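Throughout, read-outs are computed from the coordinates displayed, never taken from laboratory work. Small disclaimer: the values here were computed from a predicted structure and weren't measured. Heads up, the Cβs are rebuilt from the backbone with ideal geometry, glycines too, and the neighbour counts pull from every protein chain shown.
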Amino acid sequence: MKAGGCRSTAAKKKAIVTVAHAMIVIVWHVLATGKPYHELGEDYFTIRKDPEKQAQRLIAKLEALGHKVTLEPAA
């Protein structure tokens, strides 16, 4: 049987540990900086400040998967 899924106790325990770790990191930053918690947003890790760096990162990922990438300017 496949491990994981919503009925797996191992998956539930892993999720609990992941959420607890995230909360501990938040509390540590609040205590270390003395600043209130600021939500970064749901797309924090997907949106980059530098679009050129993001494009290069995505190209590198595709090339690592064996694809040849050529870019053309959008019309």
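Key figures for this structure:
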quantity: Residues of type lysines that Lys12 reaches as a straight line, Cα spacing below 19 Å, ignoring anything fewer than 8 places off in the same chain; calculated: Lys2
quantity: Average silhouette area of segment 9-64, convex hull of alpha-carbon atoms, in square nanometres; calculated: 6.2
quantity: In nm, spacing of pseudo-spin labels at Val27 and Lys49 (7 Å Cα→C-beta vector); calculated: 3.0
quantity: Spin-label zone in segment 49-75 - amide nitrogen under 20 Å from a point set 7 Å from the Cα of Lys35 along the C-beta vector; calculated: 49-50
